Amino acid sequence: MGLNEIAWDDYKDLGLYEKGKFLIDGNHVEHALIAQQFGRKELDYLGELATKIRFIAKTREGMDFLNSQLPHKRAMLYFTQPSTRTFLSFFAACQILGLRIGNVRDTATSSEFKGETQEDSVRSFSSYYDLIVMRTKKKGLAERMAWVLANSERPIPIINAGSGQDQHPTQALLDIYTLQRSFEGIGGIDGKTVMFVGDLARGRTVRSLAGLLTNYAGVKLLFVAPEQLQISDEILKLLDDADVSYEITSEFEERIPEANAIYMTRIQDEWDAHKGESAKVDTTKFCFKAEHLDVLKKDAVLMHPLPRRNEISTDVDHDPRAVYWRQMRNGMWIRTALIANIFAVDKSILNYENQS
Ligand code: CP
């Protein structure tokens, strides 16, 4: 079942899990657009592949092998919203696999400045490239573009690198990969308590990760935020439907000892409807400070999608439980794994030892 087999008006009104069925064909990702397209099988598989890539990349011979996988492919990184990590980790992931890379990061330098629509821009990129990775402030645009291209003469894959306040599926993949690695020796992600803190109303990373955590048995989610920035009813409904246990609270410090993972987020004031709106919300008690390390479980992890402002004190960075820098690097490995899967070189990578 592909996006070329359904009318746009029918696709756009489907539920997220129903949409997911149009984006994956067996073990093969056709487009990476929403977190809900990834089930436990895909998460385990991509994690295993990322780990294999990470190990292969440790040697010169291994890097040469990885570089030889996709030198015949070209990727367009179309980022019309600011980004450091997502852009650079996709750039690096493409380099690891040997893809050539083009990019548009500012519409002032593309023909959108002259009034071209984003839809026409993406169709233009598809004339020259084999993969489009796109970040946009428009909710649903990546999905729309994947459908448009699937029904064009250049049906190339699209990866959503962040769409509005809505979805950031590859951030959720790297977050899950980080949790998989962190909890490897202590029973995996099943049964763990994950605490989300900060701007839960407008943070797309939280929405996408909460969606992926529905794949794990017995997890409990704690949503910790000031009332104005609490998680939306739409996400709570997804959790209810998946029978995932959660709690909503404004108590931060008191709940730290319960958490196996704490996922801090910054205030997303770029989405303020009125300038200065976020500054009126008191977020001072939703900051992780060095003193909190004393009450954090010994095997817990402190995560952040980054960039941060002041919600994690830099005094905490030295603690081995502060994994946000490793989390960021994991993004490069899991995105490499995703691209390898999209272009079907994953089996060759998993068989690497057999070839040497
Ligand atoms: N986490 C994340 O999406 O970071 P960037 O905005 O820097 O890409």
- Task: Report, in degrees rounded to the nearest 10, the 0 to 90 angle that the Cα long axis of helix 141-150 makes with the longest principal axis of the chain.
- Result: 20
- Debye sum, Cα scatterers, region 170-329, no solvent: what log₁₀ I/I(0) at q = 0.08, 0.10, 0.17, 0.19 1/Å? -0.20, -0.32, -0.99, -1.27
- Reduced to Cα centres, the span from region 5-39 to region 115-174 in Å works out to 14
- Taking H as built 1.01 Å from N, whose amide H comes closer than 5 Å to the amide H of R154, not counting residues under 5 places away? none
- Helix-only CD estimate at 222 nm, as mean residue ellipticity for the chain, using -39500 (n - 2.57) per DSSP H run (n ≥ 4): -10500 deg cm²/dmol
- Can you quote the Å³ per residue value for the convex hull of the Cα atoms in region 210-294, rounded to an integer? 111
- Message: How would region 291-356 be classified by its alpha-carbon gyration tensor: rounded, prolate or oblate, with rounded meaning a/c under 1.5 and the a/b versus b/c comparison settling the rest?
- Response: prolate
- Task: Using only Cα atoms, tell me the angle between helix 40-56 and the longest principal axis of the chain; keep it within 0 to 90° and round to the nearest 10.
- Result: 80
- Item | Net charge of neighbours whose Cβ lies under 13 Å from the Cβ of Y11, counting Lys and Arg as +1 and Asp and Glu as -1 | -2
- Task: Would you kindly calculate the translational diffusion coefficient of the chain, applying Stokes-Einstein with the Kirkwood radius from alpha carbon pairs, for 25 °C and a viscosity of 0.890 mPa s, and quote it in µm² s⁻¹ without decimals?
- Result: 117
- Hey, with R₀ at 35 Å, roughly what FRET efficiency would E254 and D13 work out to, going by the Cβ-Cβ distance, to 0.05? 0.25
- Counting DSSP beta bridges with both partners in the chain, what percentage is antiparallel, nearest 5? 10
- Message: Give the lysines reachable from K12 as a straight Cα distance under 28 Å; neighbours fewer than 8 places away on the same chain don't count.
- Response: K21, K41, K137, K138, K139, K237
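FYI, it's all coordinate maths here, none of it is from the lab. As the structure is a prediction and not an experimental result, all values here were calculated from the model. No Cβ is skipped: glycine too gets one built from the backbone with ideal geometry, and neighbour counts run over all protein chains shown.
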